[in-house]
Amino acid sequence: MFCGCGPGPADGGDDGNRDTDTDTDTDGGTTLPTYSTPIQICINEVMTDNSGSLMVDGDWPDWIELHNPTSEEQSLDGWLVHDQSDTVQRLDATSTIPAGGFLVLYASELDLPGHLPFKLNSEGDVVTVVRPDASFIEVSVPQSATDWAFARETDCCVGECWIAELWGTPGETNVIVE
Ligand SMILES: [Ca+2]
Ligand SMILES: [Ca+2]
């Protein structure tokens, strides 16, 4: 059912801000759509097996935290979210992230606002967020123990800066608990 986003016309990666690379367009042909404001949303933190980290709507959902490090509010209207299952959620105009803010999506299979129609696999999963221009950001989440989040050491840090953190910080800035 879902197609056209992988490997995709853009470079993917997990830093969320490489849309303006020119290395995907060296033949002088079509250029990728560009935004007047760079879209730098990142997948900031993921929990695939939540039993005590975050309760929402009477449920303990798996969750995905997105972060907007820019100085402008970002609408995610029309963006897609999926994992390795076949289920895809299209976000609507209610999905916005304030400047410097966070958006937590609940992977619960509950049919409620803010919830996704799939759960995440604690044996390991891949979370993908697809922008309207079909470029995407993606994170491979390793096998995780109950209530351990897979989190960037600092918000939207680039590269191999992921750690496992008990409880995580859903909806708040990522901090390393020493
Ligand atoms: Ca799960
Ligand atoms: Ca966080």
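The values are calculated or read from the model by the stated rules, or taken from the named source; none is laboratory data. Note that the structure is a prediction, hence the values are computed from the model and not measured. In this analysis, Cβ positions are derived from the backbone assuming ideal geometry, glycine residues included, and neighbour counts consider all displayed protein chains.
Can you tell me which residues in region 95-152 are within 22 Å of residue 172 (Cβ to Cβ) and of a type in the set (D, E, K, R)?
147, 152
Against the definition (away from ligand 2 (no atom under 16 Å from the Cβ) and surrounded by fewer than 13 Cβ atoms within 10 Å (Cβ to Cβ)), how does residue 134 come out, yes or no?
Working: away from ligand 2 (no atom under 16 Å from the Cβ): yes; surrounded by fewer than 13 Cβ atoms within 10 Å (Cβ to Cβ): no.
Against the criterion (away from ligand 2 (no atom under 16 Å from the Cβ) and surrounded by fewer than 13 Cβ atoms within 10 Å (Cβ to Cβ)), residue 134 does not qualify.
Provide a single number: the residues in region 120-178 that are hydrophobic (A, V, I, L, M, F, W, C), farther than 22 Å from residue 98 by Cβ and part of a loop (DSSP other than H, G, I, E, B).
7
Restricting region 137-173 to residues that are more than 13 Å from ligand 2 (Cβ to nearest atom), within 15 Å of the chain's Cα centre (by Cα) and of a type in the set (A, V, I, L, M, F, W, C), which is surrounded by the fewest Cβ atoms within 10 Å (Cβ to Cβ)?
Among those residues, the one meeting the criterion is 158.
Could you please let me know if residue 23 is out of contact with any Lys or Arg (no Cβ under 8 Å at 6 or more places or on another chain), surrounded by fewer than 17 Cβ atoms within 10 Å (Cβ to Cβ) and at pLDDT 95 or above?
On the way: out of contact with any Lys or Arg (no Cβ under 8 Å at 6 or more places or on another chain): yes; surrounded by fewer than 17 Cβ atoms within 10 Å (Cβ to Cβ): yes; at pLDDT 95 or above: no.
No: the conditions fail for residue 23.
Return yes or no: is residue 109 under 20 Å from residue 54 (Cα atoms), of a type in the set (D, E, K, R) and within 13 Å of ligand 1 (Cβ to nearest atom)? Step through it out loud before you land on a result.
Working: under 20 Å from residue 54 (Cα atoms): yes; of a type in the set (D, E, K, R): yes; within 13 Å of ligand 1 (Cβ to nearest atom): yes.
Answer is yes for this residue.
Determine, yes or no, whether residue 138 is acidic (Asp, Glu) and farther than 22 Å from residue 82 by Cα. It would help to see each step written out before you state the result.
Values: acidic (Asp, Glu): yes; farther than 22 Å from residue 82 by Cα: no.
Answer is no for this residue.
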